[in-house]
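J.: Before anything else, here's the structure in question.
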């Protein structure tokens, strides 16, 4: 089958209007969210249902045409961007956006892969339930993408990451068959857990077309506090205190440093400084109280009072109503956008054991300062589960101008190596929630143990023998 014949087959499968070959029509699908990767595609194909996805995959398998699955295109590692060859298709799942069912008794919801995270949350809320996965991009990221990258977000401490929130999947395999595993059972001990193979696989083993996810009873109140601290050691002591006092009611424990807050206040003037004076470190704590708002606020006040008395915190503010809680969360959630407005940056999405976070940051900050003087560290993330976004902004000259972009990005490989070596030395991970994609593919080969890589390659070969599913992502593309 020629390229023209393949396009005709795809048009017959999904409709001519949903096979995009014009450069202008394709442009929004070919560049990643950060603007780091731009590829080319034979076509952008937009199926409306699982049967159409299967037909597209079968046509591509017959012609050995690579497929790059894409959800909301909000990823940070280039995992949904095609290469420069122009021979692959981008399989956009955005039209598959239905919530198929909600069962409040079973505590389950089935959504198609192109359904936005915000739409899943809204459907759960309408049924009197809660879907707790929460990300800054929830208005545009999709549940299929969340599962393909095993997204984490701010409530992993209480509810787990995307893998823990998923009960079942519907998947189109690399051969174009449909596997329906959407039963939503909590217990099913009948062999290999096929669901877990596809979660976190970044579309390299098959195409997730729908998911059955867990729902939870919503709390009576969500109480948000912000603490001013001296350092991350104090944050770890505060975390231990909050865990002991609140137990499972502690749903989020986020940290961010002084520069993170400075950037938010500078670039997003609708935000307001939470304290009269600046501090070196901040911790945002959320309690999910199932008794009452008054009970939750009283518990938050007890934690804050004890932390200040013990010298763990310098100051604290406790939101008294929803608008105040949203304003405190905005200081944390706007950090990535504020840093992007400041200019290009080098991102790290790392995890180390919680007990070693403070030591990791202090030691690695010192190494970077010695090897690359003047770098500005924007450190924030999910301290409760050991996941930090250890981001680097360029130095400023005497006039306050950042180092030229090309010169700064030329340091990227050296900075990655220094940071990732420090992570590996502490038994950590170079990717906690963003995935590997293109950005960290070679780094994975350096840090993943050889037996683990061999097992991953064996799984890839077994499920996608022709290497057509998102080739060149996560693992290097096999030689043709």
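Since every read-out is calculated from the coordinates, none of them should be taken as a lab result. Here the structure is a predicted model, which means the values were calculated and not measured. Heads up, the Cβs are rebuilt from the backbone with ideal geometry, glycines too, and the neighbour counts pull from every protein chain shown.
J.: Using Cα centres only, tell me the gap between the range 2-48 and the range 90-122 in whole Å.
T.: Each part reduced to its Cα centre gives a spacing of 23 Å.
J.: Ok, one more. Rg and Dmax of the range 380-420, Cα atoms, in Å?
T.: Taking only Cα atoms of the range 380-420, I get Rg and Dmax of 13.3, 39 Å.
J.: Quick one: plug the Kirkwood hydrodynamic radius of the range 63-105 (C-alpha pairs) into Stokes-Einstein at 37 °C, 0.692 mPa s, and report D in µm²/s.
T.: For these conditions, the coefficient is 260 µm²/s.
J.: Now for a different question. What is the ratio of the Cα radius of gyration of the range 343-442 to 2.2 N^0.38 Å, with N the residue count, to two decimals?
T.: On the way: Rg = 13.4 Å, N = 100, 2.2 N^0.38 = 12.7 Å.
So the Cα radius of gyration is 1.06 times the expected 2.2 N^0.38 Å.
J.: Report, in whole Å, the centroid distance computed from the Cα atoms of the range 232-275 and the range 155-172.
T.: The range 232-275 and the range 155-172 have Cα centres separated by 25 Å.
J.: Per residue, how big is the convex hull of the range 63-136 when only Cα atoms are used? Give it in Å³.
T.: About 113 Å³ per residue, rounded to a whole number.
J.: Per 10 Å bin from zero, what fraction in whole % of the C-alpha pairs of the range 221-333 is there, up to the bin with the longest pair?
T.: 15, 50, 30, 5
J.: Taking every alpha carbon pair in the chain, what does the distance histogram look like in 20 angstrom bins from 0, in percent?
T.: 23, 54, 22, 1
J.: Could you work out how far helix 258-267 tilts from the main Cα principal axis of the chain, as a 0 to 90 degree angle to the nearest 10?
T.: Roughly 70 degrees between the two axes.
J.: Sort 192, 37 by Cβ crowding within 10 Å, fewest neighbours at the top.
T.: On the way: 192 7, 37 21.
Taking fewest neighbouring Cβ atoms as first place, the list is 192, 37.
J.: Oh, and also: For a quick check: sort 179, 33 by the number of other beta carbons within 10 angstrom, fewest at the front.
T.: 179, 33
J.: Counting alpha carbon pairs within less than 8 Å and at least 6 residues apart, what relative contact order, in whole percent, applies to the chain?
T.: 15
J.: A further question on this structure: Packing-wise, with mean Cβ within 10 Å as the measure, how do 210-219, 358-367 rank, highest first? Mind dumping the intermediate values first?
T.: Details: 210-219: 21.2, 358-367: 16.7.
With the highest mean Cβ count within 10 Å placed first, the list reads 210-219, 358-367.
J.: How far is helix 50-63 tilted, in degrees, relative to the longest principal axis of the Cα atoms in the chain, given as a value from 0 to 90 rounded to the nearest 10?
T.: The angle comes out near 60 degrees.
J.: Something else about it: Based on the alpha-carbon gyration tensor of the range 254-299 and its eigenvalue square roots a ≥ b ≥ c, which shape applies: rounded if a/c is under 1.5, prolate if not and a/b is larger than b/c, or oblate?
T.: The shape class here is prolate.
J.: Treat each spin label as a single point 7 Å out from the Cα along the C-beta direction, and report the residue 87 to residue 371 distance in nm.
T.: 3.6
J.: Let me ask something additional. If you find the alpha carbon centre of the range 190-204 and of the range 378-405, how far apart are they in angstrom?
T.: When both Cα centres are located, 34 Å separates them.
J.: Starting from the 7 Å offset along Cα-to-Cβ, what nm value, one decimal, do you get for the label separation of residue 240 and residue 192?
T.: Inter-label distance under the simple model: 4.3 nm.
J.: By count of other Cβ within 10 Å, fewest leading, how are 441, 370, 332 ordered?
T.: So the residues, fewest neighbours to most, are 370, 441, 332.
J.: So what is the relative contact order of the range 221-333, in percent, for Cα pairs below 8 Å that sit 6 or more residues apart?
T.: Over the range 221-333, the number comes to 48 percent.
J.: Quick one: helix 322-333 against the long Cα principal axis of the chain, what's the angle to the nearest 10°, folded into 0 to 90?
T.: It works out to around 70 degrees.
J.: Averaging the inverse of every distinct alpha carbon separation and then flipping it gives the Kirkwood radius. What is it for the range 267-361, in angstrom units? Working shown, then result.
T.: On the way: mean 1/r = 0.0626 Å⁻¹.
Taking every pair of different Cα atoms in the range 267-361, averaging 1/r and inverting gives 16.0 Å.
J.: What percent of all Cα-Cα pairs in the range 99-214 falls in each 10 Å bin, counting up from 0?
T.: 15, 50, 31, 4
J.: Something else: Using only helices, what value at 222 nm comes out for the chain when you add -39,500 (n - 2.57) per DSSP H run of length 4 or more and divide by the total residues, to the nearest 500 deg cm²/dmol?
T.: -11000 deg cm²/dmol
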